[in-house]
Amino acid sequence: MIILGIDPHPTTHTAVALDPRGVVLDSLSVQNDADGLTRLCAWSTRFEPHCWAIEGAGNRYVAPLLALLFARNQSVYHIHPSLTSQYRARRGKKKNDLVDAENVARVLLANPELPPYQPSAQRTQLQELSRTRDKLAQQRKANQMMLEALPTTTSASLSTALQVVLTLLEAALKELEQNMATLVAQVAPTLLTLQGIGVVLAGTVLAEMGDIKRFEDVHHFASYCGAAPVERGSGKNTRWCVNVGGNRQLNRVLHLMALTRLRCDERTKTFVSRKEQEGKTKRAALRALKTHLARELYRTLQASHVGGPIPAPS
């Protein structure tokens, strides 16, 4: 299978064709317009069979390309930018559109367990809401810090202006979260029954995960979340290492869930204490907890999808 890696931009798309051995076969840059996309699709027919690996497939400026590919029944994979960044860090610091497109293809080559990209209208909305909320939350934090750092000699007009901006950001965040709550209630309300998950984290899960049926099993899902340890072996020595890949947004959800439960849930405290008594460090025990939470999250979503009872965690 030839992988066509795409580094998309609002005005241009850069593509690299990578064979199963990791050899670059060809590359192409086109304008992000009707003529350019037609040219890109014509170029792709030189490589059969092929699939598409697109960095940030949920971005609005990728939508015309996705519509064209799905209309032609093409296989598409979403590559999160964090995965591309991790791969670039391992291969060197050189960065341009051609290098990025190659790295996108190599991410899929190295992670064949990634599920195909099959966006729904609700998922697309949640992606937009979730990512916009994250950006506004960062702006709110920056404005709050700026307001708190103002010297006492600052004019009242400046502090008032910053407070007005802060109030507007908080109102916008509240509206976004209300919209997210509506969509979460439609798609997977049972997520909100899990301790440590509120509307914002539930929206992030649904936006980043898509359809739970895309994952073969709980191990596949945990690996996608970056919560499954990775086996490393050489000769007679085999060890399990930290998974630094996976979707970092989902990994962050699991991390925040873990921190909440460590504060509020006695069973979680017991679980972590037991892992530490087994010889694990505090960080290793936390990683084990995140793996456990990934399984719980998977089972909850599976049960919600089929309408059956939630199995007890193993």
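Each reported figure results from applying straightforward, stated rules to the coordinates on display, with no laboratory input. Quick caveat: nothing in here was measured; it's all calculated off a predicted structure. Note that we place each Cβ from the backbone using ideal geometry, even for glycine, and neighbour counts take in every protein chain shown.
Here are a few things to note about the model shown:
- Other-chain or far-sequence residues with amide H under 5 Å of residue 32's (modelled H): 12, 13
- Cα centroid of region 44-59 to Cα centroid of region 103-118, whole Å: 10 Å
- Exposure proxy ranking for 100, 217, based on other Cβ atoms within 10 angstrom of each Cβ and starting from the fewest, stands as 217, 100.
- Given +1 at the Cβ of Lys and Arg, -1 at the Cβ of Asp and Glu and no other charges, the dipole of the chain around its Cα centre is 1240 debye to the nearest 20.
- Cα centroid separation, region 1-37 to region 133-193: 38 Å.
- As a proxy for reagent exposure, ranking 292, 13 by other Cβ atoms within 10 Å from fewest up yields 292, 13.
- Cβ-placed point charges (K, R +1; D, E -1), dipole of region 2-110 about Cα centre in debye, nearest 20: 400 debye
- Amide H within-cut-off set for residue 79, under 5 Å, with H built and near neighbours excluded: 54, 55, 56, 57
- Furthest towards positive pole of dipole, 212, 259, 1, structure part the chain, Cβ charges: 259
- Calculated mean residue ellipticity at 222 nm for the chain: -18500 deg cm²/dmol, from DSSP H runs with n ≥ 4 weighted as -39500 (n - 2.57), summed, divided by the residue count and rounded to 500.
- With both residues required to sit in the chain, DSSP beta bridges show an antiparallel share near 65%.
- Spatial extent of region 1-101: Rg and Dmax, with the Cα atoms as the point set, Å: 12.7, 37
- Across the options 222, 169, 64, the greatest Cα extent toward the positive end of the charge dipole of the chain (unit charges at beta carbon of Lys, Arg, Asp, Glu) belongs to 222.
- Ranked list, fewest to most other Cβ atoms within 10 Å of each Cβ, for 221, 70, 271, 215: 70, 271, 215, 221
- Taking P(r) over Cα pairs in 10 Å bins from 0, in percent as calculated from this structure, the corresponding entry among [x] 6, 25, 25, 18, 14, 9, 3, 0; [y] 5, 20, 22, 15, 13, 11, 9, 4, 0; [z] 5, 22, 28, 25, 15, 4, 0 is [z].
- Residue separation of residue 23 and residue 45 scaled by 0.36 nm, minus their Cα-Cα distance, works out to 6.1 nm of gained length.
- FRET efficiency estimate (nearest 0.05) - Cβ-Cβ, residue 33 to residue 259, R0 51 angstrom: 0.65
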